[in-house]
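To start, the structure itself, in structure tokens.
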Amino acid sequence: MISDRQAPPRQPNGTAYEQMLEKVRYEGAYPTREKADKALRLVLAGLGRQVTGDERVDLAACLPLEAARVLTEQIPDTRPLTGWAFVKDLAARSGASLATTRWDTGSVFSAIAAYAGPDLITRILHQLPAGYALLFGRAELTPAA
């Protein structure tokens, strides 16, 4: 996709991705880089199936190139999943427990939020169904009646 927004300059691909991977490894307390990389790729692919439009483009623009590829290689689902259904879907795809998958999701979303910043995360949360704010470590707010 082409965007007329100015993307921030990217670091060499390996360096930026390695830094993101280290952030995920630290946040999730993963014993190896391989486990952190597996979690990062699983959750990024899942998020790529949920986020659409300008938010998808903007998120990809602020992630390291390798992470952006994982995100954008996914075809968005026609029916978005709630936060809990998202975790259950990832658990089914990976064969991991729901608790492990919830942990992986929180660890990766923490790293994504650091790259995206609070404004973009807020826009993404407004686009997604209920349940994602908690996965990003935010309170789940409901509109006033």
Just one of Ala111, Ala130, Ala116 is touching a residue at least 24 places away in the same chain (Cβ under 8 Å), in contact with an Asp or Glu (Cβ under 9 Å, 6 or more places away or on another chain) and farther than 20 Å from Gln19 by Cα; which is it?
Ala130
Does Glu34 fit the bill of being open to solvent by 70 Å² or more (accessible area, probe 1.4 Å), among the acidic types (Asp, Glu) and not in a helix (DSSP H, G or I)?
no
Assess whether Arg123 counts as being among the charged types (D, E, K, R) and in contact with a helix residue (DSSP H, G or I) (Cβ under 8 Å, 6 or more places away or on another chain).
yes
Restricting to region 53-83, count the residues that are assigned to a loop (DSSP other than H, G, I, E, B) and under 21 Å from Leu21 (Cα atoms).
4
Would it be correct to say that Gln50 is open to solvent by less than 50 Å² (accessible area, probe 1.4 Å), touching a Leu at 6+ places or on another chain (Cβ under 9 Å), within 24 Å of Glu18 (Cβ to Cβ) and part of a loop (DSSP other than H, G, I, E, B)?
no
Close pairs from region 84-96: first assigned to a loop (DSSP other than H, G, I, E, B), partner modelled with pLDDT of 95 or more and not hydrophobic (A, V, I, L, M, F, W, C), Cβ under 9 Å, at least 6 apart:
Ala96/Asp104
Assigned to a helix (DSSP H, G or I), surrounded by fewer than 21 Cβ atoms within 10 Å (Cβ to Cβ) and of a type in the set (Gly, Ala, Ser): is that true of Ala133 in this structure?
yes
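Conditions tested, residue by residue: (1) surrounded by 13 or more Cβ atoms within 10 Å (Cβ to Cβ); (2) within 20 Å of Thr15 (Cβ to Cβ); (3) among the basic types (Lys, Arg).
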position: Glu55; (1), (2), (3): yes, no, no
position: Leu65; (1), (2), (3): yes, yes, no
position: Val70; (1), (2), (3): yes, yes, no
position: Ile75; (1), (2), (3): no, no, no
position: Thr82; (1), (2), (3): yes, no, no
position: Ala91; (1), (2), (3): yes, no, no
position: Trp103; (1), (2), (3): yes, no, no
position: Phe109; (1), (2), (3): yes, no, no
position: Asp119; (1), (2), (3): no, no, no
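The values are calculated or read from the model by the stated rules, or taken from the named source; none is laboratory data. Quick caveat: nothing in here was measured; it's all calculated off a predicted structure. Neighbour counts run over all protein chains shown; Cβ positions are idealised from the backbone, glycine included. For the accessible areas, the whole protein counts, side chains as well, though only heavy atoms, and no ligand, DNA or RNA atoms are used. Shrake-Rupley method; radii C 1.70, N 1.55, O 1.52, S 1.80 Å.
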